[in-house]
Number of protein chains: 2
Amino acid sequence: MEQTMFNPDMESLSLSEQKKMEKDLLLDQINYVYKNSTMYQEKFAKAGITKDQIKNTEDLSLLPFTTKQELRDSQKRLAPFGDFLAAPAHSINRVHRTSGTTGSFIYTALTKNDLDLTHNCGARAFWAAGLRPHHRVVHCLNYCMWMGGYTDHANLETTGASVLPFGVGNARQLIQIIKDAGINVISSTPSYPNHLEKVVKAEFNMDPQELGLELGLFGGEPGLDNPVFRQRMENTWGMKAQNANYGVSDVLCNFASVCPDNYKLHFLGQGALLVQLIDPVTLEDIPVTQGAMGEMVLTHLKKEAQPLVRYRTSDLMEILETGPCKCGRTGFRFRILGRTDDMLHVKGINVFPKGIAMVLENLVPEVTGEFQIILDHPSPYTNLDIKVEHGPHITPDNKIDLKLKIEKKIKETLNFKGRIELVKPDSIERTRMGKARRVIRNYE
Amino acid sequence: MEQTMFNPDMESLSLSEQKKMEKDLLLDQINYVYKNSTMYQEKFAKAGITKDQIKNTEDLSLLPFTTKQELRDSQKRLAPFGDFLAAPAHSINRVHRTSGTTGSFIYTALTKNDLDLTHNCGARAFWAAGLRPHHRVVHCLNYCMWMGGYTDHANLETTGASVLPFGVGNARQLIQIIKDAGINVISSTPSYPNHLEKVVKAEFNMDPQELGLELGLFGGEPGLDNPVFRQRMENTWGMKAQNANYGVSDVLCNFASVCPDNYKLHFLGQGALLVQLIDPVTLEDIPVTQGAMGEMVLTHLKKEAQPLVRYRTSDLMEILETGPCKCGRTGFRFRILGRTDDMLHVKGINVFPKGIAMVLENLVPEVTGEFQIILDHPSPYTNLDIKVEHGPHITPDNKIDLKLKIEKKIKETLNFKGRIELVKPDSIERTRMGKARRVIRNYE
């Protein structure tokens, strides 16, 4: 029988088994943090919490949040790894730095045990997305510093697949190698195949399907959640295009992926991470139940080098399903709605650009899917002005109907009033990745 | 007590223990090759040898050699890994391609067991060169395809040291990271620190010593065997500069390194490789004894994916010492004299450019160490014309004496007649790596 999961013991844990494991691991981890992490010793003391008060997973809410800014400050106080480093320096085995803009990056240190768990969770994700030991993968992410290069390569290898390190650039050479080395899986950013497609056609005079790729494992950028984009990629290359390595680099490289049965991200960090949700405005806990939305808050369950407690990821998450998936995995399914910075308040309703994107995706080909929210003044808002590209076959006569239809759908689905201005296809400027900027602020 | 070896069981094996282990492993390996490798099945049949004839290490000489051209031909017959692939395709876990010139590269496939042995031997080499778990290394080799990037990173990590993947380019960013991340070891080509030195001085207005590097682990290029070059690097950076990762990419990533006591390459591939020497002209075996010189021939002792038997490396090796080293390692010490292609026959004597280099190094500062052999016609030769750069302080009056002195030393040491033409310092054109081309052929 085919092995459908990389680590079935973890991936198919029942909810009660998972809760028990989480409790045991968390209490040990909190003890470890109290003992070894100077930053947390000070944070806990300041919050007036002692470790004896933490007896259950629920007691975690007594502990303060951790923010990215605190990690930066900690690494300024004690360069390079911060006073949240809880393991001796000689036990560190790999070091990454997030790319970040100047000054905003974080150095991530991992011990051998941290690496083993990282690779195990990463392999669960790639396996869930369809990777198997018989596959031959070319890994096309930059190997400089960040986790996407070296650590993702190691995650791919942990599945048992054959992995060839390639990196970025040299598209022509890459295509030659895909042909010559019998590569059937590509691992890259979702925007890269578009570039390769041009080179395949122009310089090899080939149809991309002739290259024989069966599977694309994508991460590091959004884009693949757009079903039109994904379907076009699958049709062009004849391969399954999978969102295969979602993670939060300050916390854990990869811990979520889609499965072949269900194009939704499955949580696969069992034993490594505890996931909580909070309202990013009130900071109140939101139970992780079907339909819940909130900012994802992560706590390490078993981390030696830089354990984090109640880390605010700034990622807005919606829980889609909590029962077992058809694939047998029990981790909840979710989607990322955007960043807390993207969230807009419209008459007390939280609006995410991604919500609007999802409404418009269902209206393709009447619209192209591209849009921009135009803000003329700061929050609060009573309604939102939205420029929407209509589809190529819309006549002037259809426009009024289409405008009303979109406004109605937005009201029904997202519960706020959007004032739609229809514009021509391709008239909204695209970024390098081929996506429009979603929010335009026309005020100081 | 400090652990002086990464794998003392292997690195301090007595000669008799090593011979016994080699015999046991070799007989198993030859059985495996007979059973699983189509290319060798055909080669052995053609040579009229059956596996029952191989009962001892010495019987290996009955088996035919393998050349790089045969590997290329094999990979043309059966792309991409050749009909010398002896393991099932699904067991391959990493794939490399040697850089090579167009068409001349080899795809190297490794199983998980092959990788474990590769990393173990690589870690022995880095540990011998001085790397320890408390060190923090930045790895500055290109991660694209070849072993030097990804596999050397994994070898470094296997020692337990902290390793940050960097790659090539962005010298300014690299220097900033060395400063910020407390890096104390650099792993790169030996020519790279020269470039970094300029950037440190010009853009950071710093003395390279202020960066705090303690150790340089070098490989991938020659250059470091020149004691003048090495001494200058050590003085400039205040670090120990070690030749730390010698290997043959078609066979085993790294299996030799210098130790802190003895700037000579130690063989560290115990349990992975059997080393033999042959005369590259007569193809006769030469015993591996102190002072022996010949082409290095390698046989895998425990390789699953692409086992090689009697592989001619084209590297000319001189055995320097066979007793135990002061460091406790028992692997023989050697140096590489060049490539078989560089070997010249002068009145029946084999002459290597490296031999001339070593004679001249002992005459610095009367000479700079740079020279060129000028050939006006093809082999055979009765003597060699050699342009030699004299040192900066040589007066016209000294020149005749110096010329005679060099000719005498060459005759005494290398046993052939060299006709020396002295030229000015820096008058011989250097390559990008700062070395002169050693042999100039002025004929078609």
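Here are some notes:
- Subset of segment B:245-293 that is part of a loop (DSSP other than H, G, I, E, B), touching a residue at least 60 places away in the same chain (Cβ under 8 Å) and in contact with a Gly (Cβ under 6 Å, 6 or more places away or on another chain) - its residue that is most open to solvent (accessible area, probe 1.4 Å): B:P260
- Among the residues of segment A:194-208, those identified as over 12 Å from A:K179 (Cα atoms), without any contact (Cβ under 8 Å) to a residue 60 or more places away in the chain and not small (G, A, S) are A:H195, A:L196, A:E197, A:K198, A:V199, A:K201, A:E203, A:N205, A:D207.
- Qualifying residue in segment B:327-341 (condition: at pLDDT 90 or above and either of a type in the set (S, T, N, Q) or not assigned by TED's automatic domain parsing to the domain that holds B:D279 (or both)): yes
- Meets criteria (over 26 Å from A:F352 (Cα atoms), more than 13 Å from the chain's Cα centre (by Cα) and open to solvent by 10 Å² or more (accessible area, probe 1.4 Å)) for A:V199: yes
- Test result for A:A129, in contact (Cβ under 8 Å) with a residue 12 or more places away in the chain and touching a helix residue (DSSP H, G or I) at 6+ places or on another chain (Cβ under 9 Å): no
- Residue check, B:G167 more than 9 Å from chain A (Cβ to nearest Cβ), under 22 Å from A:A154 (Cα atoms) and of a type outside the set (D, E): no
- The set of residues in segment B:208-229 being under 22 Å from B:T159 (Cβ atoms), under 21 Å from the mean Cα position of the chain (by Cα) and not in a loop (DSSP other than H, G, I, E, B) consists of B:L215, B:G216, B:L217, B:F218.
- Inside segment B:230-244, residues that are touching a residue at least 60 places away in the same chain (Cβ under 8 Å) and open to solvent by 10 Å² or more (accessible area, probe 1.4 Å) make up a count of 2.
- Just so you know, in segment B:76-132 the residues that are farther than 18 Å from B:M39 by Cα and among the acidic types (D, E) include one that is surrounded by the most Cβ atoms within 10 Å (Cβ to Cβ), and it is B:D114.
- Among the residues of segment A:153-188, those identified as in a loop (DSSP other than H, G, I, E, B) and open to solvent by less than 30 Å² (accessible area, probe 1.4 Å) are A:T159, A:G160, A:A161, A:F166, A:G167, A:A181, A:I183, A:N184.
- Once segment A:72-110 is narrowed to residues that are closer than 27 Å to B:N170 by Cα and of a type in the set (S, T, Y), the residue that is nearest to the other protein chains (Cβ to nearest Cβ) is A:Y107.
- Test set (1) away from chain A (no Cβ under 14 Å); (2) in contact with a Gly (Cβ under 6 Å, 6 or more places away or on another chain) - B:E58 fails condition number: (2)
- Whichever residue in segment A:133-145 is part of a loop (DSSP other than H, G, I, E, B) and at the interface with chain B (Cβ under 9 Å from one of its Cβ atoms) and, among such residues, is surrounded by the fewest Cβ atoms within 10 Å (Cβ to Cβ): A:H134
- Under the condition of being without any contact (Cβ under 8 Å) to a residue 24 or more places away in the chain, more than 30 Å from A:H96 (Cα to Cα) and open to solvent by 50 Å² or more (accessible area, probe 1.4 Å), the residues counted in segment A:49-75 number 6.
- Meets criteria (out of contact with any strand residue (DSSP E or B) (no Cβ under 8 Å at 6 or more places or on another chain), over 26 Å from B:C144 (Cβ atoms) and either within 14 Å of another protein chain (Cβ to nearest Cβ) or among the hydrophobic types (A, V, I, L, M, F, W, C) (or both)) for B:L26: no
- Taken over segment B:414-429, the criterion of being in contact (Cβ under 8 Å) with a residue 12 or more places away in the chain and open to solvent by 60 Å² or more (accessible area, probe 1.4 Å) is satisfied by B:N415, B:K417, B:R419, B:E421, B:K424, B:D426, B:S427.
- Among strands (runs of 3 or more DSSP E) entirely within segment B:314-368, having at least 3 residues that are among the hydrophobic types (A, V, I, L, M, F, W, C) singles out B:333-339.
- Qualifying residue in segment B:63-85 (condition: modelled with pLDDT under 95 and of a type in the set (S, T, Y)): no
- Condition check for B:K411: free of Cβ contacts under 8 Å to residues at least 12 places away in the same chain and not acidic (D, E): yes
- Of all residues in segment B:298-334 being of a type in the set (A, V, I, L, M) and in contact with a helix residue (DSSP H, G or I) (Cβ under 9 Å, 6 or more places away or on another chain), the one that is farthest from B:V251 (Cα to Cα): B:L316
- Of all residues in segment A:398-408, none are part of a loop (DSSP other than H, G, I, E, B) and either open to solvent by less than 50 Å² (accessible area, probe 1.4 Å) or of a type outside the set (S, T, Y) (or both).
The values are calculated or read from the model by the stated rules, or taken from the named source; none is laboratory data. For clarity, every value in this text was computed on a predicted model and none was experimentally measured. Note that we place each Cβ from the backbone using ideal geometry, even for glycine, and neighbour counts take in every protein chain shown. Please note that ligands, DNA and RNA were not included when accessible areas were found on the heavy atoms of the full protein model with its side chains. Shrake-Rupley method; radii C 1.70, N 1.55, O 1.52, S 1.80 Å.
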